[in-house]
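Q: Got a structure for you, written out below as structure tokens; questions coming shortly.
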Amino acid sequence: MRKTDGKKVCPWWLNFIVDNPLRRMIFRADNFLGPYLEKGMIFLDLGCGGGRYSIAGAELVGTSGKVIALDIQKQMLAKAKREIEKRRLEEVVKTHLAKQDNIDLNIDIDFALAMCMVHETPDKYKFFIQVKKVLKNGGKMLVVEPKGHVSRKKVEEQIENAKRAGLKIIGLKRINIFCRGYLLKK
């Protein structure tokens, strides 16, 4: 972990640990996104890293949809951009450099994914307020956290912050043996 403005953030150069063939098998993008995305939707990939879920989301929303691949690290976005260009998805997927404490977006989102990153946000309540602002009415957000790294108590604290921010908890999601998740709705 490296510090960005005093907060711990997974460094860009560890992306190979997060995005490798074994993890792609365990963390299948279609399992996370398939139930929530359809053609024409606008999808926000929060903390997109190398862009794996952004690319998978682009395939689901199609050319009539849009994907915003958001990260706070320029190097992560550069890697995501290379992968997006390699697959010729530039018309569907746009990268967005956010600030450590501000997602800095002004767009209506149908669905947001926060894959193993909420625990890295400095102010969870403020983060969920910002996500709520960009979600359409009825829009959903899936939060996934690694079990070995983020305790059940920390996940419960995240859920309380999301509720305080005005998001409704739809339910807890069993992701796989390594992660737990929860689904929110505006």
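Q: For the range 47-104, run through the GluC sites (Glu not before Pro) and keep only the ones in DSSP coil with at most 16 other Cβ atoms within 10 Å of their Cβ. Write down the numbers at each step before the final one.
A: Working: sites: E59, E83, E85, E90, E91; in loops: E90, E91.
The qualifying sites are E90, E91.
Q: Subtract the Cα-Cα distance of A78 and I107 from 0.36 nm times their separation in residues, and report this length gain in nm to one decimal. Intermediate values should be presented prior to the final figure.
A: Values: separation 29, 0.36 × 29 = 10.44 nm, distance 2.20 nm.
Additional length available on full extension: 8.2 nm.
Q: Let me ask you something else. Counting alpha carbon pairs within less than 8 Å and at least 6 residues apart, what relative contact order, in whole percent, applies to the range 108-186?
A: Numbers: 136 pairs, mean separation 28.3, N = 79.
Across the range 108-186, relative contact order equals 36 percent.
Q: Tell me the carbon and sulfur percent of the accessible area for the range 98-139, rounded to whole percent, probe radius 1.4 Å. Walk me through the intermediate numbers first.
A: On the way: 780 of 1830 Å².
C and S fraction of accessible area: 42 percent.
Q: Might you tell me the accessible area per residue for the range 126-186, computed with a 1.4 Å probe and given in Å²? Write out the running numbers ahead of the final one.
A: Numbers: 3240 Å² over 61 residues.
About 53 Å² of surface per residue is accessible.
Q: Continuing with the same structure: For the range 25-116, treating each Cα as an identical point scatterer without solvent, what Debye log10 I(q)/I(0) comes out at q = 0.10, 0.19, 0.22 1/Å?
A: -0.21, -0.79, -1.07
Q: At K39 and K126, where each label point lies 7 Å from the Cα along Cα→Cβ, what is the point-to-point distance in nanometres?
A: A separation of 4.2 nm, rounded to one decimal place.
Q: Continuing with this model, one more query. Compute the normalised compactness of the range 135-184: alpha-carbon radius of gyration over 2.2 N^0.38 Å, N being the residue count.
A: It is 1.13.
Q: Using Cα pairs under 8 angstrom and six or more residues apart, how large is the relative contact order of the range 87-154, in percent?
A: On the way: 59 pairs, mean separation 26.1, N = 68.
Relative contact order of the range 87-154: 38 percent.
Q: In nm, give the distance between the simple-model label positions of R87 and H149, each being 7 Å from the Cα along the Cα-to-Cβ direction.
A: Output for this residue pair reads 2.1 nm.
Q: Right, something else. Where does the Debye-calculated log10 I(q)/I(0) of the range 42-186 sit at q = 0.11, 0.20, 0.22 Å⁻¹, using only Cα point scatterers of equal weight, no solvent?
A: Here log10 of I(q) over I(0) equals -0.38, -1.25, -1.45.
Q: Taking a quarter of the surface of the convex hull around the Cα atoms of the range 93-164, what do you get in nm²? Walk me through the numbers before you get to the answer.
A: Values: hull surface 20.3 nm².
Seen from a random direction, the Cα hull of the range 93-164 projects 5.1 nm² on average.
The values are calculated or read from the model by the stated rules, or taken from the named source; none is laboratory data. Worth saying up front: this structure is predicted, and the values here are computed from it rather than measured. We place every Cβ from the backbone using ideal geometry, glycine too, and count neighbours over all the protein chains shown. Note: accessible area is taken over every heavy atom of the protein model, side chains too, but ligands, DNA and RNA are not part of it. Shrake-Rupley method; radii C 1.70, N 1.55, O 1.52, S 1.80 Å.
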